[in-house]
Amino acid sequence: MAKRLFSSKNTRKSLEISKYLSQIFMMINESPDEQMDIYMRLNTPVVHSDLQRLLLSSPRLTSEDLESVPGMPYESVLNIHLYIKLEEELRDTEYQVRGLTPSDIEREHIFHKLLFDSLNENLDYSRVGGMKGLSPAFFSSFRTPRKITGEECGRILEDCKRQVLDWNGERNGMLAGEDSNMELESIKEEILLRHLRSYVEQMEDKWSEYSDEMVEVVLGIAEECGTTL
């Protein structure tokens, strides 16, 4: 009984999430400028320059030197104006039809911002270099990293949308009564195992990005640092 109840609630919530994400994607599809901005941001790694990274790794770095290093450039893949514009449209249409109170509307804003930020976070992992950024240029013999194509941008967006829906399916944070708590924990355990299995499969390919020479250099630096300290 509890399993059917959780499944029903999760199905409704998944439909709400899918509808909202589809509305975001519709706005993107209607704006060539936004599509170009997404393409540019996905091809912009989040990382300091090689010179700045060498400076930050120096054991002789003073507080004055640290203050002179500019912050790491970052711009979210999806511009916040997409979220704001859609919320304004929903406020003037759907929210009025549903007769939502100001408190209800505020809850919708918070829920939609959570979805928007989740989608943006997932897109950050799909940038060139991902969340860890590109390796220093001398590790790759100064080869230019391959850019994400326009066609790949579309696939990345759809894949990130799917993963946000998968995250919802994990039921993290869901509360249950005492009678159904054990069944809920069992369901969440099954979903977590499925999620971890998928994560391991995805990470398997990433080891190909590291050459034996790069691993040897990094381990050598780590050993030297350990000896010095």
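Taking (1) surrounded by 14 or more Cβ atoms within 10 Å (Cβ to Cβ); (2) at pLDDT 80 or above; (3) not β-branched (Val, Ile, Thr) in turn, Trp167 satisfies each apart from (2). Examine segment 30-47 for a residue that is at pLDDT below 75 and either crowded, with 16+ Cβ neighbours inside 10 Å or not in a helix (DSSP H, G or I) (or both), and state whether such a residue exists. Yes.
Taken over segment 72-131, residues that are in contact (Cβ under 8 Å) with a residue 60 or more places away in the chain and under 17 Å from the mean Cα position of the chain (by Cα) amount to 11.
The values are calculated or read from the model by the stated rules, or taken from the named source; none is laboratory data. Given the structure is predicted, the values throughout are model-derived calculations rather than measurements. All Cβ positions, even for glycine, are placed from backbone atoms using ideal geometry, and neighbour counts span all protein chains on display.
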